[in-house]
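The values are calculated or read from the model by the stated rules, or taken from the named source; none is laboratory data. Quick caveat: nothing in here was measured; it's all calculated off a predicted structure. Cβ placement follows ideal geometry from the backbone for every residue including glycine, while neighbour counts extend to all protein chains displayed.
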Amino acid sequence: MLSDYNLMKNLIEYEFYCSKRYRRYFTILFFTIQDRGNDELVDVVNELIKESDCCIQMGETFSFLFSETDKDEVLDLLCKYTYDKGLLRGYAYALIGYPEDGKSIQMLMTKIRTQILMSKTA
């Protein structure tokens, strides 16, 4: 797990160019723990780390990169570790995907910044 926004940006840029070149897609999940005392949420983060291609922590928000995975697949995965286990609160999440949420790196990075802010205030 990494903890640097600039490194996250570089990884996303690399994934963007690979996805664009090879006509692939990717999804980024932002997961914010709002209830710090809930160990089950820490377990959710640990499971998502195992499932994702890359995880970067920025405060209480974790960003997970899923290569060649669409938003529906990531949402199903998140539900498997939260909703299906009865975890209905104490966290916030947001998803962005290429190409549906932006066809340029600038559009995606703007959406990412917005989603991080939204997940912290949800």
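Structural remarks
- Residues in region 75-90 that are in a helix (DSSP H, G or I) and surrounded by fewer than 16 Cβ atoms within 10 Å (Cβ to Cβ): LEU75, ASP76, CYS79, LYS80, TYR83, ASP84, LYS85.
- Residues located in region 91-103, provided they are surrounded by 13 or more Cβ atoms within 10 Å (Cβ to Cβ), in contact (Cβ under 8 Å) with a residue 12 or more places away in the chain and more than 15 Å from PHE62 (Cα to Cα): GLY97, TYR98, PRO99
- The set of residues in region 57-68 being of a type outside the set (Asp, Glu), surrounded by fewer than 21 Cβ atoms within 10 Å (Cβ to Cβ) and either within 13 Å of the chain's Cα centre (by Cα) or over 20 Å from ILE112 (Cα atoms) (or both) consists of GLN57, MET58, THR61, LEU65, SER67.
- Those residues of region 96-112 which are assigned to a helix (DSSP H, G or I) and either closer than 19 Å to ASP35 by Cβ or more than 14 Å from the chain's Cα centre (by Cα) (or both), in sequence order: ILE105, GLN106, MET107, THR110
- Test: residue in region 41-52 that is in a strand (DSSP E or B) and either within 23 Å of MET107 (Cα to Cα) or without any contact (Cβ under 8 Å) to a residue 60 or more places away in the chain (or both): no
- Qualifying residue in region 73-95 (condition: modelled with pLDDT of 90 or more and over 28 Å from ASP39 (Cα atoms)): no
- Answer residue from region 1-26, given it is charged (D, E, K, R) and in a helix (DSSP H, G or I) and is surrounded by the most Cβ atoms within 10 Å (Cβ to Cβ) among those: GLU15
- Complete set of residues in region 27-47 that are out of contact with any Asp or Glu (no Cβ under 9 Å at 6 or more places or on another chain) and exposed (fewer than 14 other Cβ atoms within 10 Å of the Cβ): ASP35, GLY37, ASP39, VAL42, ASP43, ASN46
- When residues in region 18-58 are screened for being of a type outside the set (D, E, K, R) and in contact with a helix residue (DSSP H, G or I) (Cβ under 8 Å, 6 or more places away or on another chain), 15 of them pass.
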